[in-house]
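> A single structure is presented below for examination.
The values are calculated or read from the model by the stated rules, or taken from the named source; none is laboratory data. Bear in mind that the values here come from a model prediction, so they are computed numbers and not experimental data. Glycine also receives a Cβ, built like all others from the backbone with ideal geometry; neighbour counts cover every protein chain displayed. For accessibility, only protein heavy atoms count, side chains too; no ligands or nucleic acids. Shrake-Rupley method; radii C 1.70, N 1.55, O 1.52, S 1.80 Å.
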Amino acid sequence: MRSVGGLMQAMVTRENLTAAVWLAAKGRRQQPAVRTFLANLSVELDALQSQLTSGELHCGECHTFTIHDPKERLITAPVFRERVLHHAIMRVCGPVLERRLIHHSYACRVGKGTYAALEAAQAAARKGTWFVKLDVRKYFQSIDHGRLMARLARVFRERQVLDTFRLLLAAYAPQPGRGLPIGTLISQHLANFYLATLDVKAVQDLRPLGYVRYMDDMALWVADAAAAKYARESLVAFAQHELGLEMKTAFINRSQHGMDFLGHRVFPHRLGLNHASRRRYQHRLQDLMNDEEISEATAQERAVALTAFTQRADCVSWRRRVIMTLGGGPRATSASCAAAPGTTTAGTPLPASATGTSRRTATRTSACVSPPAPAGARSAWMEPACCPAPQPFAVDETQSTPPPVRSPRVQRTGPARAAGTFSQATPS
């Protein structure tokens, strides 16, 4: 594929910079830094356009924080002005990098994502008897800038575009000449692009029955153990010599035994949760139910978001046991069904409110009718899918088979009432 030119001119246009501002401000309009930037929008865009044209970018201003989800990660959050810069660059360069990726890459791409990757992994597990699971050790921190720039030079023809990428890599590098920060828009696109050559190696040279990659987590399925061992050795050697990466996980097993992938356990005909996800869900739900500083409505919203991750897995019985353990036993579980009938799946509306809403008075309420919480914990109605509420019987009028005929009604008649006897009324 040929290199692309003429991108710098499109990058510095006022239209592109304005669109980048609204993309960066999405969901953040009320933040002080965003409001200040928007109040001086014309001045800020002129300065950003001048820096991009001259190549003298002032970047690297950010704040960092550490999360444990589930392992420790250092997150880099650039200031709003630099977020606008990243969006302006990737609106033009992102589609070019996207065309260098194959279909089997699912991270940070429109129309892909976690659920699509899990579905593809299940489909591949039904084809291949053996699988090879690989994971790069400290992937973002291990990316070599020299090798990355060499690959970018094959894609972008303009020197100004390459110099812009070089400045951004140096500004946010965890260590000189190596590493990408976790949390920036450009990092996720470049990290996804860096492994594109490994995708081509796996698909074209090894010819597996199935292949899936989500950022640095990858797996392929083959027919026998010998092919699995050869694929593992080939990919590990390619990643080390060509990309300078070390594999943290590189093992093979039968597909019927299941494979840990994206927090789930992938089987050929079933999808479960792995042990780490189960433990994390239980601990977070316990903390949420013991948090007395938030309201019941907020707790329900967070519980729905927490449970949404488990909706694709076949773990309804396990979730019910967790609720019974944390929520006070079977009484709390039944209360969850009685308080929120119909909310059995993620994404459904909240239970009906106890009070109404009037347009004239503009009154609103988020309080839901719910039973009292068990002692020492929140009510179990926070868990939306632990036990579905019973649905009323409905007759499908489109069916040719008539509904079952009820037994005739029994009525008291005339003098038989006094005697306490009954007679059957003729059905009308």
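> Any idea how far apart ILE294 and ALA308 come out in nm if each label point goes 7 Å out from Cα toward Cβ?
Distance between the two pseudo-spin positions: 1.4 nm.
> Still on this structure, please answer the following. Would you rank VAL132, VAL200 by solvent-accessible area, highest first, keeping every protein chain in place and using a 1.4 Å probe? Don't jump to the answer; show the numbers that get you there.
On the way: VAL132 0, VAL200 55 Å².
Ranked list, largest accessible area first: VAL200, VAL132.
> Roughly what % of Cα-Cα distances in the stretch 169-270 sit above 15 Å, to the whole percent?
In whole percent, the share of Cα-Cα pairs in the stretch 169-270 beyond 15 Å is 68.
> Taking N as the number of residues in the stretch 15-76, what is its Cα Rg relative to 2.2 N^0.38 Å? Intermediate values should be presented prior to the final figure.
Details: Rg = 15.0 Å, N = 62, 2.2 N^0.38 = 10.6 Å.
Against the compact-globule rule of thumb, the ratio is 1.42.
> Can I ask one more? Assuming 0.36 nm per residue, please report the length gained on full extension of the stretch ILE67 to THR114 beyond their Cα-Cα distance. Provide the component values of the computation, followed by the final result.
Numbers: separation 47, 0.36 × 47 = 16.92 nm, distance 2.04 nm.
Fully extending the segment from ILE67 to THR114 adds 14.9 nm.
> At 1.4 Å probe size, put LYS201, LYS229 in order of accessible surface, largest to smallest. Intermediate values should be presented prior to the final figure.
Numbers: LYS201 55, LYS229 105 Å².
Ranked list, largest accessible area first: LYS229, LYS201.
> Could you tell me which of the pairs LYS112/LYS229; LYS26/LYS248; LYS26/LYS138; LYS201/LYS229; LYS127/LYS201; LYS138/LYS229 are separated by over 26 angstrom between their Cα atoms in the structure shown? Don't skip to the end; give the middle numbers.
Values: LYS112/LYS229 29 Å; LYS26/LYS248 36 Å; LYS26/LYS138 30 Å; LYS201/LYS229 15 Å; LYS127/LYS201 20 Å; LYS138/LYS229 24 Å.
Table pairs above 26 Å Cα-Cα are LYS112/LYS229; LYS26/LYS248; LYS26/LYS138.
> Hey, another quick one. Quote the relative contact order of the stretch 57-202 in percent (integer), defining contacts as alpha-carbon pairs under 8 Å separated by 6+ residues. Before the final figure, lay out each step's value.
Numbers: 127 pairs, mean separation 47.3, N = 146.
After rounding, I find 32 percent.
> Quick one: pull the percent of accessible area on the stretch 274-326 belonging to carbon and sulfur, 1.4 Å probe, ligands and nucleic acids left out. Can you show the working numbers first?
Numbers: 1390 of 2990 Å².
Of all accessible area on the stretch 274-326, carbon and sulfur atoms account for 47 percent.
> Cα-Cα pairs above 17 Å in the stretch 136-223: how many percent? Could you put the intermediate results ahead of the total?
Numbers: 1986 of 3828 pairs.
Value for the stretch 136-223: 52 percent of Cα pairs lie more than 17 Å apart.
> Extension gain ARG147-ALA170, at 0.36 nm per residue separation less the Cα-Cα distance, in nm?
My answer for the length gained is 6.9 nm.
> Could you work out the Kirkwood radius for the stretch 236-331, taking every pair of different alpha carbons, averaging 1/r and inverting it, reported in Å? Can you show the working numbers first?
On the way: mean 1/r = 0.0624 Å⁻¹.
16.0 Å is the Kirkwood radius here.
> What translational diffusion coefficient, in µm²/s and rounded to a whole number, does the Stokes-Einstein relation yield for the stretch 274-326 at 4 °C and a viscosity of 1.567 mPa s, taking the hydrodynamic radius as the Kirkwood radius over Cα pairs? Numbers along the way, then the final one.
Working: Rh = 11.6 Å.
Stokes-Einstein gives a translational diffusion coefficient of 112 µm²/s.
> Okay, next question. Leaving ligands, DNA and RNA out of it, rank GLU301, GLU292 by accessible area with a 1.4 Å probe, largest first. Please list the in-between numbers first.
On the way: GLU301 105, GLU292 170 Å².
Output order, biggest surface exposure first: GLU292, GLU301.
> Test of the criteria: in the stretch 162-260, which GluC sites (Glu not before Pro) are in a DSSP loop and have at most 15 other Cβ atoms within 10 angstrom of their Cβ? Intermediate values should be presented prior to the final figure.
Values: sites: GLU233, GLU242, GLU246; in loops: GLU246.
Passing both the DSSP loop test and the Cβ count: GLU246.
> Once label points are set 7 Å from the Cα along Cα→Cβ at both ALA33 and THR13, what is their separation, rounded to one decimal in nm?
2.9
> Around ARG178, which amide H atoms from residues at least 5 apart in sequence, or from another chain, sit under 5 Å from its own amide H, with H modelled in the peptide plane?
So ARG178 has HN proximity to HIS145.
> So how far apart, in nm, are the two label points at ALA123 and PHE238 if each is 7 Å from Cα heading toward Cβ?
Once both label points are built, they end up 2.1 nm from each other.
> Give me the orientation-averaged projected area of the Cα convex hull of the stretch 244-295, in nm², one decimal. It would help to have the intermediate numbers written out before the result.
Working: hull surface 25.8 nm².
With the hull built on Cα positions only, its mean projection is 6.4 nm².
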